[in-house]
Amino acid sequence: MIAYHFAFDLRYFRVTRSDFEHDPFWLAARAAILSSFLLLAGASLVLAQRNRPSLAHFWRHIAIIAGCALLVSAGSYAMFPQTFIWFGVLHVIAASLIVAQPLVDAPRTALGVGVAIVVAGATISHPAFDNRTWGWLGFMTAKPSTEDYVPLFPWAGLVFFGIAVAHAASRIRASGRRPRVEPPRWLAWAGRHSLAIYMVHQPLLIGTLWLVLRR
């Protein structure tokens with residue numbers, strides 16, 4: 001993600017001419033990054049459920065993500081007022097966690113719902129959704145003019161897949177078929193603070209490039 005955004009920032013400052021909108025390499029990189037985000041969001045629901053968090057804790061978590069999503073929208077509006085991010089990855093994560101939470105202990109149902117969401121998002125489109133009022137659901141006939149667009153359909157399906165994957169991984173670990181490998185400390189730290197890293201990395205990258213290139 002950081003490498004992708006660094007490449008994007010290089011184009012913004014006209015250092016490179018990467019075609020993020022059409023080049024298959026960059027389109028595939030974006031899809032892989034988004035997929036990993038959403039799969040991990042779904043898996044995290046399962047991991048959090050082990051501690052039986054209260055409903056207040058869950059909604060506080062959603063509020064933090066939603067608040068960060070609003071900050072992303074505000075920041076992108078300051079830089080790209082015509083193409084600001086009105087429903088990006090943090091927006092869809094917040095919405096997806098709400099709709100996926102009831103199935104956190106039902107991995108087979110979650111998998112089926114995830115497949116249905118992905119298929120619907122990939123095959124259904126209608127002009128009624130070609131606006132910001134309903135476009136966040138998906139089903140638009142063409143990608144809107146925005147710096148990041150991650151609608152509920154099909155992307156929320158990956159959160160439901162994450163629930164199923166986390167349960168499958170738990171069963172494999174419980175069976176003893178694979179040895180437990182502890183992650184490096186720096187990786188574990190990054191995993192515990194992923195939202196903070198997401199929020200600060202772009203301001204740091206953009207600020208650093210601005211300082212370097214203005215000389």
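Details
Condition check ((1) within 19 Å of Ile65 (Cα to Cα); (2) at pLDDT 90 or above; (3) touching a Cys at 6+ places or on another chain (Cβ under 7 Å); (4) not hydroxyl-bearing (Ser, Thr, Tyr)) across all residues:
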position: Leu158; (1), (2), (3), (4): yes, yes, no, yes
position: Ala164; (1), (2), (3), (4): no, yes, no, yes
position: His167; (1), (2), (3), (4): no, yes, no, yes
position: Arg171; (1), (2), (3), (4): no, no, no, yes
position: Ser175; (1), (2), (3), (4): no, no, no, no
position: Glu182; (1), (2), (3), (4): no, no, no, yes
position: Gly191; (1), (2), (3), (4): yes, no, no, yes
position: Ala196; (1), (2), (3), (4): yes, yes, no, yes
position: His201; (1), (2), (3), (4): yes, yes, no, yes
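- Subset tally (residues that are touching a residue at least 12 places away in the same chain (Cβ under 8 Å) and hydroxyl-bearing (Ser, Thr, Tyr)) for region 90-141: 3
- Flag if Gln101 is over 18 Å from Ser194 (Cβ atoms) and surrounded by 15 or more Cβ atoms within 10 Å (Cβ to Cβ): yes
- Matching residues in region 112-145 - criterion: being in a loop (DSSP other than H, G, I, E, B) and crowded, with 19+ Cβ neighbours inside 10 Å: Gly138, Phe139, Met140
- Within region 37-71, the set of residues being within 30 Å of Gly207 (Cα to Cα) and free of Cβ contacts under 8 Å to residues at least 40 places away in the same chain comprises His61, Ile62, Ala63, Ala66, Gly67, Ala69, Leu70.
- Qualifying residue in region 61-83 (condition: under 12 Å from Ile163 (Cα atoms) and within 16 Å of the chain's Cα centre (by Cα)): no
- Among the residues of region 98-111, the one identified as part of a loop (DSSP other than H, G, I, E, B) and touching a helix residue (DSSP H, G or I) at 6+ places or on another chain (Cβ under 6 Å) is Val104.
- Number of residues in region 36-95 that are closer than 19 Å to Tyr149 by Cα, among the β-branched types (Val, Ile, Thr) and part of a helix (DSSP H, G or I) equals 5.
- Subset tally (residues that are closer than 15 Å to Glu147 by Cα and over 18 Å from the mean Cα position of the chain (by Cα)) for region 11-20: 4
- Any hit, region 25-34, residues being more than 18 Å from the chain's Cα centre (by Cα), surrounded by fewer than 16 Cβ atoms within 10 Å (Cβ to Cβ) and modelled with pLDDT under 95: no
- Subset of region 1-10 (residues that are assigned to a helix (DSSP H, G or I), surrounded by 14 or more Cβ atoms within 10 Å (Cβ to Cβ) and within 21 Å of the chain's Cα centre (by Cα)): Tyr4, His5, Phe6, Ala7, Phe8, Asp9
The values are calculated or read from the model by the stated rules, or taken from the named source; none is laboratory data. It should be emphasised that the depicted structure is a prediction, and the values quoted were computed from it without experimental measurement. FYI the Cβ positions are ideal-geometry reconstructions off the backbone, even for glycines, and counts take in every protein chain you see.
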